[in-house]
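Input: a single structure, listed below in structure tokens.
The values are calculated or read from the model by the stated rules, or taken from the named source; none is laboratory data. The structure presented is a predicted model; accordingly, all values stated were derived computationally and were not measured. Note that we place each Cβ from the backbone using ideal geometry, even for glycine, and neighbour counts take in every protein chain shown.
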Amino acid sequence: MNAARLVAVAALGLVVLLSSGISAEVAKPRYRKPAPGFTLVDTRQAPLTLSDFKGKVVVLNFWATWSAGSKVEMPWFAEFENRYRTNGLAVVGVSMDDEGWAIVTPYLEAHPIGYPVVLGGHDIAERFGIISLPVTLLIDRNGKIAARHYGVVEKANLENEIRKLLKERAKTPKEKK
């Protein structure tokens, strides 16, 4: 097989993998890294700060209105938030649409989801290592990334991971030392 054909086959394989979703199991707490912080503006033009969710399990979803996978996942995330909100789950959507609120607002009006959405950009993509969409992160009660999902999540798998993280308790400042 010549080099060009090998590269084409490898690229096709990567596209198939990314579009079908790649997910990892929830990392053990000692291997988790802190989620980068941010303060972004939500749909009401109010600031939303990621660290405000400490003590909660956060589904942080990077999406775009043009992403078919995002359109599949967003109702699931709304369902999860409704089901597990009282147990400490929060969902935050980060739209990566270049057109900004001009395209996101009409989309959300036509497809209401009920959880907060903020507008991301190149800076956020770089800090979180986002190179394709959708990407979903699970952040534990201590603000650390417990799992990363690239492409469309597997709904049942994600729900199991959420339940697992909801069973964990946040560490107190004394325990963190």
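The table below lists the values:
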{"read-out": "Checking Ala24 against (1) of a type in the set (Gly, Ala, Ser); (2) modelled with pLDDT of 95 or more; (3) surrounded by 12 or more Cβ atoms within 10 Å (Cβ to Cβ), the condition it does not meet", "value": "(2)"}
{"read-out": "Matching option when the condition is within 22 Å of Ala78 (Cβ to Cβ), in a loop (DSSP other than H, G, I, E, B) and free of Cβ contacts under 8 Å to residues at least 60 places away in the same chain, among Ile113, Ile130", "value": "Ile113"}
{"read-out": "Condition broken by Asp123, with the remaining ones in (1) more than 17 Å from Leu48 (Cα to Cα); (2) assigned to a helix (DSSP H, G or I) satisfied", "value": "(1)"}
{"read-out": "Residue match in the range 85-95 (condition: in a helix (DSSP H, G or I), without any contact (Cβ under 8 Å) to a residue 24 or more places away in the chain and of a type in the set (Val, Ile, Thr))", "value": "yes"}
{"read-out": "Only listed residue being crowded, with 19+ Cβ neighbours inside 10 Å, modelled with pLDDT of 95 or more, aliphatic (A, V, I, L, M) and more than 18 Å from Pro34 (Cβ to Cβ), chosen from Ile162, Ile139", "value": "Ile162"}
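Yes/no matrix, rows are residues, columns are (1) of a type in the set (D, E, K, R); (2) more than 22 Å from Pro36 (Cα to Cα):
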| position | (1), (2) |
| --- | --- |
| Glu79 | yes, yes |
| Asn82 | no, yes |
| Tyr107 | no, yes |
| Val118 | no, no |
| Glu126 | yes, no |
| Ile130 | no, no |
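Here is a yes/no grid of residues against (1) of a type in the set (A, V, I, L, M); (2) surrounded by fewer than 19 Cβ atoms within 10 Å (Cβ to Cβ):
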{"residue": "Ala78", "(1), (2)": "yes, yes"}
{"residue": "Arg83", "(1), (2)": "no, yes"}
{"residue": "Leu89", "(1), (2)": "yes, no"}
{"residue": "Glu99", "(1), (2)": "no, yes"}
{"residue": "Leu108", "(1), (2)": "yes, yes"}
{"residue": "Val117", "(1), (2)": "yes, no"}
{"residue": "Ile131", "(1), (2)": "yes, yes"}
{"residue": "Ala146", "(1), (2)": "yes, no"}
{"residue": "Ala156", "(1), (2)": "yes, yes"}
